[in-house]
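Read the structure below first, then the notes.
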Amino acid sequence: MGLLVDGKWVDQWYDTKASQGKFIRSESEFRNWIYADSEYDPNNANHFPAQTGRYHLYVSLACPWAHRTLIFIKLKQLEEIISISCVHPDMLDNGWEFKKDSNFKDTNIAAGDPLHHFDFAHQLYTKAKPDYSGRVTVPILWDKKRNTIVSNESSEIIRILNHAFNDLTGNFLNFYPADKTKDIDTLNERIYHTVNNGVYKCGFATTQKAYEEALTPLFETLDFLEQQLSSSMFLLGDEQTEADWRLFTTLIRFDAVYFGHFKCNIKRILDYPKLNAYMKRLYDTPNVASTVNLQHIKRHYYYSHKTINPTQVVPVGPAKLFT
Ligand SMILES: N[C@@H](CCC(=O)N[C@@H](CS)C(=O)NCC(=O)O)C(=O)O
């Protein structure tokens, strides 16, 4: 685990000393946008045009943020428009790596970097910006034409995928409809801070206080969501929205990883009847189950985070995720 400093790779774990043991996530750096023809402005350097075959999405099958983008590729039927490949689950001294490994083959997604044949994801960042300083994260949405990173911010990549390529795919499913944007944003805000990032705040905390300060709101939100789901199929009624998919990728990792490895162990998702049934409903959405790779998920967290799990032993359980 490390980061780039002025374009040079430095192997360094998260620094929590300056923040009283708290894990603080850094902001994503590449924040450009892809637009459909009618909205694209060629004079704006932050605009990229929606085109078939032009973009490549680098994901980790272990990563909940990258997982959102992969789910949107499936929901929006973008496989023929955007190519995809995945990194190796182990994120060690060199950060994310592209090495191919028959032990971690995914039947749905090719491994490696088919565009540049790089060894490490940090090489993509320095190709896009030679003096880049910051973390090297996935997902990475790459433009093959301008040879640069369009975006490395999953919340924005899913908004792009939700809309920009509609005319090319003919898929007009909208997970961020105009009449629900306020409610989605409100839910996203709470779920991001207390659940999506909340589990990381628990897991990467280096003081008891910082850990407990993250644990309490995490379970308050899970209790709230259990209530919320007592009267509807999805978080905002009987139609899926972006908020559901942002929550799903954390829920599906919870019992297998966050409960043990990140010490989020007041309750499992299995102990929440409504949340568990909801997670199964989302999992059963066509083409979604194929995006869930528990082998990559468990291996990544337990093997890569040596400060939390120095033996790197990966647990065998849980026996089941669904009731
Ligand atoms: N805000 C980013 C966060 C992405 C992120 O933190 N990804 C993790 C993997 S789960 C990562 O690549 N971490 C590497 C690091 O922090 O050095 C997003 O949502 O896209």
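Read-outs: derived from the displayed coordinates by stated rules, not from any lab. Predicted model only: the values in this text are computed from it and were never measured. Glycine also receives a Cβ, built like all others from the backbone with ideal geometry; neighbour counts cover every protein chain displayed.
In table form, for the structure just shown:
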| item | result |
| --- | --- |
| Most mobile listed residue (199, 59, 313) in the chain, GNM with C-alpha springs under 10 Å | 313 |
| Viscosity 1.002 mPa s, 20 °C: Kirkwood-radius Stokes-Einstein D of the stretch 2-169 over Cα pairs, µm²/s | 129 |
| Relative contact order %, the chain, counting alpha carbon pairs below 8 Å whose residues are six or more apart | 20 |
| The stretch 160-222 - percent relative contact order, Cα under 8 Å, separation 6 or more | 25 |
| Peptides 81-93, 19-31, 211-223, 150-162 ordered by average Cβ neighbours within 10 Å, highest first | 150-162, 81-93, 211-223, 19-31 |
| Distance between the stretch 91-133 and the stretch 144-203 - C-alpha centres, whole angstrom | 23 |
| Label-point gap, in nm, between residue 287 and residue 306 - each point 7 angstrom along Cα→Cβ | 4.0 |
| Rg and Dmax of the stretch 93-233, Cα atoms only, in Å | 19.3, 52 |
| Largest-first ellipsoid semi-axes for the chain, taking √(5λ) over the Cα gyration tensor eigenvalues, angstrom | 29, 26, 19 |
| Computed lengthening from residue 208 to residue 181, 0.36 nm per intervening residue step minus Cα-Cα distance | 6.0 nm |
| Relative contact order (%) - criterion: Cα under 8 Å, at least six apart; region: the stretch 136-175 | 26 |
| Cα-based Rg of the stretch 178-285 normalised by 2.2 N^0.38 Å, two decimals | 1.04 |
| Share antiparallel - DSSP beta bridges, the chain, percent rounded to 5 | 65 |
| Dimensionless Rg/Rh of the stretch 91-147 - Kirkwood Rh, Rg from C-alpha atoms | 0.97 |
